[in-house]
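Worksheet: the structure to be examined is printed underneath.
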Amino acid sequence: MDPGRGRLNMKRTYLALTGLALACTALPASLPQGSLARADVLFDGNPVDGANFAILARPVGADDWNLLVLEQLRRRPACWQQRGDGLVDPSLNRFDFTGICSRYLDSNGYSLRINRDDLAGSWRLRLVQRGTTLYLQASSVASPTELVVGRAEVSRRDRDAFVALQLEPGWELQRRSFRNQALSHIYFANGTSLPQLIAQASGSPLNPPPSPLVAPPSPLLARRTNRNRAWSQGGNGYGSGETPAMLAEPGRTIALQVIPFRE
């Protein structure tokens, strides 16, 4: 290959890439503001028929719980059945449920979506039991406030049965989609903005108000501390210009310093 021609091709490629980079840099300024607002939204969320889904808590060990979501794809056979004691029987475990039921078992199958923002990378869902109430809550290391997404009353614990959870008002299930193509991923979605949800959640059972601040020590207590420190260092315990009378408290005897008499 001719070295001169190779250098020419490389120069043309470099110029083409440089022009493309400049065009991408200038592109946002020419797009409408609405287009820019949607440019960083990779996935959409579409509402689903809640009757085809069950949000369940599976007991693990002595006191832990796992969250899973079941979806009924075909009417028969049933993927789950309500028991007489209020618990849910996962009947899909007794037949080949391929094409009949879908399971969403972890963060690969479900995540949080708030006000059209996919928060899968920053917020996680977990189950927390307080007394007889089981909470489905969303938490993030970036926020001290827990969001209550759903809850259930636990009548009894059975390792072979699940507890059905009910979503809190404002929450719903949605299916993740990409360019109008439905994906095998479920959102726990809420249309309210995240700051509003955090403000509403403050003071809830999972987010008690902060403890009152401890009042700073009084000047008298501070002087006593300084006096004790001075005594431990061999001094008389009084600061510059201080006398025992200045440290007196109402209703208490003043301890006066005794000075030996000498002729």
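Here are the numbers for this structure:
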{"item": "Members of the range 101-126 that are touching a Gly at 6+ places or on another chain (Cβ under 9 Å) and assigned to a strand (DSSP E or B)", "result": "102, 103, 111, 113, 114, 118"}
{"item": "Hey, residue 45 modelled with pLDDT of 95 or more and exposed (fewer than 10 other Cβ atoms within 10 Å of the Cβ) or not", "result": "no"}
{"item": "Residues of the range 107-120 that turn out to be without any contact (Cβ under 8 Å) to a residue 24 or more places away in the chain, of a type outside the set (A, V, I, L, M, F, W, C) and either loosely packed, with under 14 Cβ neighbours inside 10 Å or over 27 Å from residue 78 (Cα atoms) (or both), as a count", "result": "0"}
{"item": "Members of the range 48-62 found to be exposed (fewer than 12 other Cβ atoms within 10 Å of the Cβ) and of a type outside the set (A, V, I, L, M), listed by number", "result": "49, 50, 61"}
{"item": "Wholly within the range 140-205, strands (runs of 3 or more DSSP E) carrying at least 3 residues that are surrounded by fewer than 13 Cβ atoms within 10 Å (Cβ to Cβ) and of a type outside the set (Ser, Thr, Tyr)", "result": "181-190"}
{"item": "Of all residues in the range 63-81 being not in a loop (DSSP other than H, G, I, E, B) and not polar (S, T, N, Q), the one that is surrounded by the fewest Cβ atoms within 10 Å (Cβ to Cβ)", "result": "64"}
{"item": "Odd one out for residue 132 among (1) crowded, with 16+ Cβ neighbours inside 10 Å; (2) closer than 17 Å to residue 64 by Cα; (3) without any contact (Cβ under 8 Å) to a residue 24 or more places away in the chain", "result": "(1)"}
{"item": "In the range 98-128, residue nearest to the chain's Cα centre (by Cα) [restricted to those that are among the hydrophobic types (A, V, I, L, M, F, W, C) and more than 15 Å from residue 53 (Cα to Cα)]", "result": "123"}
{"item": "Inter-residue pairs, beta-carbon under 6 Å, first within 23 Å of residue 162 (Cα to Cα) and in the same structural domain as residue 57 (by TED's automatic domain parsing) and in the range 140-152, second of a type in the set (Gly, Ala, Ser) and not in a strand (DSSP E or B), 6+ apart", "result": "147/201"}
{"item": "Residue count, the range 153-190 (criterion: within 16 Å of residue 104 (Cβ to Cβ) and touching a residue at least 60 places away in the same chain (Cβ under 8 Å))", "result": "18"}
{"item": "Search result, residues across the range 82-94 that are without any contact (Cβ under 8 Å) to a residue 60 or more places away in the chain and surrounded by 12 or more Cβ atoms within 10 Å (Cβ to Cβ)", "result": "91, 92"}
{"item": "Residue that is farthest from residue 157 (Cα to Cα), among those in the range 82-100 that are among the aliphatic types (A, V, I, L, M) and in a loop (DSSP other than H, G, I, E, B)", "result": "100"}
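Every residue, every condition in (1) over 20 Å from residue 164 (Cα atoms); (2) at pLDDT 95 or above; (3) not assigned by TED's automatic domain parsing to the domain that holds residue 177, yes or no:
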site	(1), (2), (3)
18	yes, no, yes
32	yes, no, yes
52	no, yes, no
56	no, yes, no
66	no, yes, no
71	no, yes, no
74	yes, yes, no
77	no, yes, no
88	no, yes, no
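The values are calculated or read from the model by the stated rules, or taken from the named source; none is laboratory data. Everything quoted here is computed from the prediction, not taken from an experiment. Every residue, glycine as well, gets a Cβ built from its backbone with ideal geometry; the counts of neighbours run over all protein chains shown.
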